[in-house]
Amino acid sequence: MEESEDVPKDFIKLKSEKLSVDEVSELVVSPSCGAVSLFIGTTRNNFKGRKVIRLEYEAYSSMAETEIKKICRYVRQKWPSVKHIAVHHRLGVVPITEASVIIAVSSPHRVESLEAVTYCINTLKASVPIWKKREKKGLSFQICLLMSSTS
């Protein structure tokens, strides 16, 4: 990639297929950056002491994408050295151990990318209209708004 082609980009995707850590991290690699920070949120097998069988996500997609774009704009204001940002969120059923969200941020130095990726996941959970259903053993689905979820 030529340096002139390496303009800052945001990669936002909501999809029902399995997420790829390699694909998301490759999107943000840049010859001008020495850091790529990743957050990978996976489905765990428990929540508040109860066994979880799987998660299922639904979203108001156009609004979710708009809110994620706002997050990216804020990141660029607060950490101007950030080069690329990728936010991929899975929709539909997400089995135990699979990724439900992957966020990647590149910057010349690690501090900015680490702080930016932390801001991205915290703000996504607080403000993006994505709903999470947990199927617990022996219980029907529990529906909770991701933005009000504590985990």
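Remarks
- The range 9-145 - Kirkwood radius from inverse mean 1/r over Cα pairs (Å): 15.3
- Overall Cα dimensions of the range 39-119, principal axis frame, Å, largest first: 42, 29, 18
- Relative contact order of the chain, defined on C-alpha pairs under 8 angstrom at six or more residues apart (%): 33
- For the residue pairs 69/133; 51/125; 13/51; 9/125; 48/78, alpha carbon separations beyond 32 Å are given by 48/78.
- Folded to 0 to 90 degrees: helix 61-78 orientation relative to the chain principal axis, Cα: 40
- Summed over the residues of the chain and divided among them, the accessible surface reaches 53 Å² per residue at a probe radius of 1.4 Å.
- Distance between the 7 Å Cα→Cβ label points at residue 44 and residue 126: 2.1 nm.
- Entry note, the chain: the mean residue ellipticity at 222 nm calculated from DSSP H runs of n ≥ 4, each adding -39500 (n - 2.57), is -9500 deg cm²/dmol after division by the residues and rounding to the nearest 500.
The values are calculated or read from the model by the stated rules, or taken from the named source; none is laboratory data. Since the structure is predicted, the reported quantities are computational estimates derived from the model, not experimental observations. All Cβ positions, glycine included, derive from the backbone under ideal geometry; neighbour counts span all protein chains shown. All accessible areas refer to the heavy atoms of the entire protein, side chains included, with ligands and DNA or RNA removed. Shrake-Rupley method; radii C 1.70, N 1.55, O 1.52, S 1.80 Å.
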